[in-house]
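One structure below.
The values are calculated or read from the model by the stated rules, or taken from the named source; none is laboratory data. Because the structure is predicted, anything quoted here is derived from the model rather than measured. Cβ sites come from the backbone with ideal geometry, for glycine too, and all protein chains shown count toward neighbours. To get the accessible areas, we keep the full protein, side chains included, count just its heavy atoms, and leave off ligands, DNA and RNA. Shrake-Rupley method; radii C 1.70, N 1.55, O 1.52, S 1.80 Å.
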Amino acid sequence: MNDLLRNVLEAHGGLARWNTFSTVRVQIVTGGGLWALKGLTQDPAPRQMTVSLQEEFAFVTPFGQANWRTNFRPERLAIETLDGDVVRELKNPRTSFYGHTMNAPWDPLHRAYFNGYAMWTYLTTPFFMGLPGFEVREIDPITEGREVWRGMRARFPSQYASHSEEQDFYFGSDFLVRRHDYHVDIAGSFLTAQYVDQIAEAQSLKMPTRRRAYIRGPDLKPVRDLLMVAIDLSDFCFT
């Protein structure tokens, strides 16, 4: 583990504290332009998101109907009732995105897959970088306003689903996360700069409560007029 990652993990509450929990549940409200681009209606109602902290799976409730939820794992995606009865199912879901461009339409299973892996990544940042198989190295810093944010690149093992194999994270002088850059491989690999802020403490762990993802230009700068995804998070509960 490099020194930057060690300091980052400690600033967010420490890996030892993180490892005392197995899941986190949080309320999310989402918005942004991506959903209309994908032909989906964005419902502003709050939802409950639950993810595992030590392996990649996730649930969101409700989804589609009041008594439905998603059940996400990298190799399988399902929409099911709260009793566990399968409504729709997709095995090897990543293959359903072959040939997709940024404006290719999505059905509810596509959205559920995107939601599952994306929220797992966000809610386990930066602690997933300490899991077996992840490769992490420091990269060049970036300047935002009057601040210099140190950078770290994480390479995801092949068994994990996420936006892209390599993703970049930037941290302030306090070692708390400020920005997350990636390209969305399942949607034409468009470049994204996601800003995270309003960090709150929950059970001695520090978590961002606001995320705003913008189209990113080749110069690493966001296009502020192109807000793709907005996520507000609250009521974190680690168990």
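A few notes on this one:
- Against the criterion of being touching a strand residue (DSSP E or B) at 6+ places or on another chain (Cβ under 6 Å), without any contact (Cβ under 8 Å) to a residue 60 or more places away in the chain and surrounded by fewer than 17 Cβ atoms within 10 Å (Cβ to Cβ), Gln198 qualifies.
- The range 95-135, residues that are crowded, with 18+ Cβ neighbours inside 10 Å and outside any helix (DSSP H, G or I): His100, Trp106, Thr125, Pro126
- Considering only residues in the range 30-63 that are touching a helix residue (DSSP H, G or I) at 6+ places or on another chain (Cβ under 7 Å) and assigned to a strand (DSSP E or B), the one that is modelled with the lowest pLDDT turns out to be Phe63.
- If you go through the range 161-175 and pick out every residue that is under 23 Å from Met228 (Cα atoms), open to solvent by 10 Å² or more (accessible area, probe 1.4 Å) and either in contact with a helix residue (DSSP H, G or I) (Cβ under 9 Å, 6 or more places away or on another chain) or modelled with pLDDT under 95 (or both), you end up with 1.
- If you go through the range 1-24 and keep only what is without any contact (Cβ under 8 Å) to a residue 40 or more places away in the chain, over 15 Å from Asp174 (Cβ atoms) and assigned to a helix (DSSP H, G or I), you end up with Asp3, Ala16.
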